[in-house]
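Report on one structure; see the data block that follows.
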Amino acid sequence: MSSAKRSSPNSIALPSCLGTSRGSKRVAPEDFDSARRYLGLLFRPEDAQTLTASLRDAAIQKFPAKDVLRAAGLEPKPKTDPDVAKQLKKIKRGEKLSPVLLVRVPGQARLLVADGYHRVCAAYLRNEDEPVPCQIA
């Protein structure tokens, strides 16, 4: 099990399967853009923008990959999926992965994976119990 330590309020040392030895990682700006575009398909544009702003302000928390998938009602993609395979290679090389962006669906006990589904799947395939860094709006 990893002994990850918090290095600053906006970054976190990642669990062993996600590159702990390499330090911490912040959400990449393009991940917020991807989340906003995805949320724009589900919500009004102004609501998608508000949710994305909330994601930017959210603290990084860690949850087991299996719990993230279960709360979102999603099955993991196989390791043969090209995007999952790409994330698995990054993990193997010890690269830092961006935290997963999650949105709680109002009135439902459910999460939306606004960005990072393939990262969660890769983490799950490595070790379903390993904590995955997430930001939740």
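Values for this structure:
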quantity: The lone exception for residue 61 - which of (1) touching a Cys at 6+ places or on another chain (Cβ under 8 Å); (2) buried (at least 21 other Cβ atoms within 10 Å of the Cβ) it fails; calculated: (2)
quantity: Any hit, the range 66-87, residues being touching a Lys or Arg at 6+ places or on another chain (Cβ under 7 Å), among the aliphatic types (A, V, I, L, M) and over 13 Å from residue 136 (Cβ atoms); calculated: yes
quantity: Residue match in the range 89-96 (condition: modelled with pLDDT of 95 or more, out of contact with any helix residue (DSSP H, G or I) (no Cβ under 6 Å at 6 or more places or on another chain) and within 24 Å of residue 37 (Cα to Cα)); calculated: no
quantity: Top-ranked residue in the range 21-32 [being farther than 15 Å from residue 136 by Cα and of a type in the set (D, E, K, R); ranked as surrounded by the most Cβ atoms within 10 Å (Cβ to Cβ)]; calculated: 25
quantity: Search result, residues across the range 64-76 that are of a type in the set (Asp, Glu) and either crowded, with 17+ Cβ neighbours inside 10 Å or under 15 Å from residue 119 (Cβ atoms) (or both); calculated: 67
quantity: Check on residue 90, surrounded by fewer than 19 Cβ atoms within 10 Å (Cβ to Cβ) and either under 12 Å from the mean Cα position of the chain (by Cα) or in contact (Cβ under 8 Å) with a residue 40 or more places away in the chain (or both); calculated: yes
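This table checks each residue for (1) more than 12 Å from the chain's Cα centre (by Cα); (2) surrounded by 20 or more Cβ atoms within 10 Å (Cβ to Cβ); (3) modelled with pLDDT of 95 or more.
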site: 34; (1), (2), (3): yes, no, yes
site: 44; (1), (2), (3): yes, no, yes
site: 53; (1), (2), (3): yes, no, yes
site: 83; (1), (2), (3): yes, no, yes
site: 105; (1), (2), (3): yes, no, no
site: 113; (1), (2), (3): no, yes, yes
site: 125; (1), (2), (3): yes, yes, yes
site: 129; (1), (2), (3): yes, no, yes
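The values are calculated or read from the model by the stated rules, or taken from the named source; none is laboratory data. These figures come from a predicted structure and were not determined experimentally. Cβ sites come from the backbone with ideal geometry, for glycine too, and all protein chains shown count toward neighbours.
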